[in-house]
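Okay, structure first, notes after.
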Amino acid sequence: MILKIEKIGLSLEVEDELLNKLLEIGKTHYPKEFGGFLIGYYSENNMHLHITDTILPKKYQASKYNFERSTKGIENELVEFYAENLRKIYIGEWHTHPDNSPIPSATDISAINTIINSKKTSIANPVLLIIGCSNTTVDFGFYVWFENKLYKYE
Ligand SMILES: [Zn+2]
């Protein structure tokens, strides 16, 4: 699918195959939240993002309403993606909201700030994908932190 934020001129592209993969992985942890890191690359003008892969955390804590991952041990996998394509980098994170809508919680917003201020994973415009899912429904919510605000891709 291709999504846009007209107001700031950003666009995002992601294959259904990757989204289905994330959904399937997330469902195996139901009713707890689960998630991971998103890998992708930006166009030369930085306005278009292609999300291509995920890295799953080696260490994490999860409940039905919370998910916290550690970045420990993901460096090697990041290097592998970088070797495959020099433009492929860590661009953000994803997690599920079991039986809930894909709207960022207060914890999700503070996690974004942690990413921006982190020495290891610091990126200026982290992308957040929330997968709201139940047995019968699924809803993908893509967000990006841009100039001190969270925008939703439509
Ligand atoms: Zn959340």
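The values are calculated or read from the model by the stated rules, or taken from the named source; none is laboratory data. Since the model is a prediction, treat every value here as computed from it, not as a measurement. With ideal geometry, Cβ positions are generated from the backbone for all residues, glycine too; neighbour counts draw on all protein chains shown. Each accessible area value is taken on the protein alone, full model and side chains, heavy atoms only, with ligands, DNA and RNA left out. Shrake-Rupley method; radii C 1.70, N 1.55, O 1.52, S 1.80 Å.
Observations on the model:
- Within segment 5-22, the set of residues being of a type outside the set (G, A, S) and either part of a loop (DSSP other than H, G, I, E, B) or more than 14 Å from I51 (Cβ to Cβ) (or both) comprises I5, E6, K7, I8, E15.
- Flag: G73 matches the condition of being outside any strand (DSSP E or B) and either open to solvent by less than 50 Å² (accessible area, probe 1.4 Å) or more than 16 Å from the ligand (Cβ to nearest atom) (or both).
- Restricting attention to segment 81-102 and to residues that are in a loop (DSSP other than H, G, I, E, B) and charged (D, E, K, R), the residue that is farthest from the ligand (Cβ to nearest atom) turns out to be R87.
- E93 within 26 Å of L10 (Cα to Cα), of a type in the set (D, E, K, R) and exposed (fewer than 14 other Cβ atoms within 10 Å of the Cβ): no
- Segment 13-53, residues that are under 12 Å from the mean Cα position of the chain (by Cα) and within 16 Å of the ligand (Cβ to nearest atom): L22, F34, G35, G36, F37, L38
- The single residue among L3, L12, L78 that is touching a residue at least 60 places away in the same chain (Cβ under 8 Å) and open to solvent by 20 Å² or more (accessible area, probe 1.4 Å) turns out to be L3.
- Considering residues of segment 140-154 that are touching a residue at least 60 places away in the same chain (Cβ under 8 Å), open to solvent by less than 20 Å² (accessible area, probe 1.4 Å) and within 16 Å of the ligand (Cβ to nearest atom) only, the residue nearest to I51 (Cα to Cα): F142
- Number of residues in segment 121-153 that are of a type in the set (D, E) and modelled with pLDDT of 95 or more: the value is 1.
- Within segment 103-139, tally of residues that are open to solvent by 50 Å² or more (accessible area, probe 1.4 Å) and either in a loop (DSSP other than H, G, I, E, B) or within 16 Å of the ligand (Cβ to nearest atom) (or both): 17
- Single condition N100 does not satisfy, out of (1) touching a residue at least 12 places away in the same chain (Cβ under 8 Å); (2) over 16 Å from G132 (Cα atoms); (3) not acidic (D, E): (2)
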